[in-house]
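Notes follow the structure.
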Amino acid sequence: MSGSVADRLAGQHVLLTGVTGFVGEALLHLLLSEVPGVRTSVLVRPKGSITGSERIAKLLEKPVFAGVVEAAGGAERLMADRVAVVEGDLADVPALPAGLDAVVHCAGDVSFDPPVDEGFTTNVVGARDLLDRIDEVRTRQLAESGRDIHYVHVSTAYVAGRRRGHIFEGPVDHEVDLDAELAWGLGQRRLVEARSRDVDILGKERKKAEKEHGRAGLLTAARATEAARKQWVKDELVRIGTERARSLGWTDCYTFTKALGERVVERWALGGGPGGQPRRASIVRPSIIESALERPHVGWIEGFKMAEPLILAYGRGELPEFPAAGDTTIDIVPVDHVVSAIVAVLAHPAEPGEVRYFHVSSGDRNPLTFRVLYDSVRAYFDEHPFTAGDRGAARLPDWRFPGARSVERLLSTSEKAWKVADYVIGHAPRSDRTRDLARKLHQQGRRLEFLRRYLDLYMEYATAELRFSDKQTLALFESLSPEDRETFAFDTSVVDWRHYLMEVHCPAVTAPVRRLDELRALRKKPAPNALRGVGSSGDGVAAFFDMDGTLLSSNVIETYLWVRLRELDSGERLAELGRIAAKVPNLVQAERRSRSEFLRGIYREYEGARLADLDAVVDEHLTSHVLSRLSPDAVRRIRAHRAAGHHTVLITGAIRPLTRPLTPLFDHIEAADLAVDSRGVCTGFLASSPLVGESRAAWMQSYATDNGFDMKASYGYADSHSDLPLLEAVGNPVAVRPDVPLYRHARRSHWDVVDWASPTGSVRALDPASAR
């Protein structure tokens, strides 16, 4: 059959998968805009409460589809006439519509390191089940009208694996037992889940969690243990998939399962499956797909692909080296070339029993080396730098291309140094400087995690010595009319890489980042105490506040001395200070083991004191001092909650007499009550167990239930990692001048972190009277 691509596809009904992805969206746009006679059905899975049809309607609202939608008379008309939605996904492929002429399978797991069972499920089982559904329709059509179906499978050029040299367009040469590997891959999760419950693994994770979270409570540590077990399962499934792939000659689980997916297609096309009839199949293998050269518009890209995170990191000055040789080829292809090639393949179907292969790549006829990539990206950022706050333009690293081993050594050394620093900071006394160092170390740790992830992922690709021959793809292109070569361009030899990188790709991938930077610059830099508002309606909302370290720059040892030193003369005060100082090392160790043990050790010091005398000392001598130590930011926040109608609660391990100055600020105060004998003399014990860690959260839940408060709408403020359960119990947690462990958790959890300092001029004295 001769004629243009549009003529050859006129009147055809094509099913597409993966249209909500990068390649699938570009393919749908090209078919709708340049092949007016084609009708599509799209397989789309519902997402939560959003149906597949609603997702496609949302897709067609994107600016790139504006012209197509307008020409069709609106999105509803376009969907009714040319874009039918088949609700479902590859995990459970539904029955396909009748009257199909072709199927293009773009969907798949594009992660380089999926858990092994997920890689097999999506890339192998998904393809197999889709082909089974195609056979159901094909069998009926052949019997009724002789209408056949052309299957186009979008794979990747990197199914070549760890080979070297020229890779020709044909089946990958391997002897892997497809059925055995599939059964193995799908069975790994069950095996790994069982292994994760082994006593040695659980014991290791439990001890680690209890060491880190024991102060917050054993249930908190238990939750951390289970989270660590689940993460171990995921990491182990990724590791197993990678190791199995490399043991068989592939770079990773992604390329391994994509290669096995091709084998499924080959078996099907050559007569495997029901009926044993040969079928039509084409396999399109793109290399690294990046932004569009021309269509739908110059630089069009959806999300971050392979190169974008590295380009952005380099522009920020955060990618000091790369493990490639400068003369190694990186095979990149614009997305519009890929989808143009797919449409051309659609218009030229294979013969029954034939599998045709097409590399959509650039490295054989128009190679781009890492040196040219680096020079072009650097030149772009030299002209259009990212700004680094008040420091001006980000400093760009000078890549020397020292080799993969040198880059690995550099990264490993940095990771070891970071671990040492992390240990030191984690055990340093709490201070503003420690907190600032923890913040900087957190940022450095995230950069190292980024570098490690991408080094591990891309090492194989950066060191690959591959040249993908595209002779069959070029022959297909040259068979097109001059007009179709213009409309469906996919001759990658015409790409000027310096122009593409500096004028097309880098501007496209940096534009959204620059817009975010501009928005941040327009806003005033948030103050350390900037917080989201508390709202205007407080029905059913409570705000829970810790005291020591949160509202006051104090601790229980210090507040004990405030009370105790009042009744001693100068000589006795020195003796008392020495006695308490000698106890501090043991108290610190107790505090690290158990907050309850630590508090009980302090409360023992009140033995023999009269409770009424403690109240009087606070009322007569300490009220002004306590109030002078209150953070003004904290007071403003409490008053904001009260103005909003919220119920304010102070929950503290301090003894109740010390909370008396704060009574006007709170609707309820839950403090430590000292046990007294019949004479009102303190016994050195508590009336009940201290509220610490998980017991605070339990009390809060009970209090909220009894008083009708919605914990998800409520607020919590605390400074210590031992208060993690308190903060996790509410929907609006705020870490206030947190210690290092809580700071790390707050950053990971995206909680608000604020610095409520003591008022200027406040006196930090163990004996308030001596500071007057």
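The values are calculated or read from the model by the stated rules, or taken from the named source; none is laboratory data. As the structure is a computational prediction, the values presented were derived from the model and not from experiment. FYI the Cβ positions are ideal-geometry reconstructions off the backbone, even for glycines, and counts take in every protein chain you see. In case anyone asks, the SASA skips ligands and DNA or RNA and just uses the protein heavy atoms, side chains included. Shrake-Rupley method; radii C 1.70, N 1.55, O 1.52, S 1.80 Å.
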Whole Å is fine, so just give me how far the alpha carbon centre of the range 454-502 lies from that of the range 692-726.
-> 58
The chain, relative contact order in percent, only Cα pairs under 8 angstrom and at least six apart counted | 12
Candidates per GluC sites (Glu not before Pro) in the range 128-219, loop by DSSP, up to 13 other Cβ within 10 Å | 175
Just one of [x] 108, 56, 54; [y] 91, 72, 52; [z] 98, 72, 53 is Cα extents along the principal axes in Å calculated from these coordinates, so which is it?
-> [x]
Sequence neighbours fewer than 8 away in the same chain don't count; with that in mind, list the lysines whose C-alpha is under 28 Å from residue 416.
-> 204, 207, 208, 211, 230, 234, 440
Which order do the peptides 52-61, 467-476 take when ranked by the mean count of other beta-carbon atoms within 10 Å per residue, highest first?
-> 467-476, 52-61
Among bridges DSSP assigns within the range 643-772, what percent are antiparallel (round to 5)?
-> 15
Among DSSP beta bridges whose residues both lie in the chain, state the antiparallel percentage, nearest 5.
-> 15
Pull up the cross-link candidates among the aspartates and glutamates for residue 471, meaning alpha carbon to alpha carbon under 12 Å and not fewer than 8 places away within one chain.
-> 169, 364, 491
List the DSSP H helices in the chain whose Cα atoms stretch 15 Å or more along the helix axis and whose mean Kyte-Doolittle hydropathy is at least 0.5.
-> 22-34, 335-347
Student exercise, the range 123-179 dipole from Lys, Arg, Asp, Glu Cβ charges, in Debye to nearest 20 = 300
May I ask you to work out the translational diffusion coefficient for the range 145-189 at 10 °C, viscosity 1.306 mPa s, via Stokes-Einstein with Rh from the Kirkwood sum over Cα pairs, reported in whole µm²/s?
-> 113
Rank these by accessible area, largest first, 1.4 Å probe: 751, 184, 300.
-> 184, 751, 300
Accessible area of residue 106, 1.4 Å probe, to the nearest 10 Å²?
-> 30
Positive-pole candidate from 687, 653, 668, dipole of the range 625-695, charges at beta carbon | 668
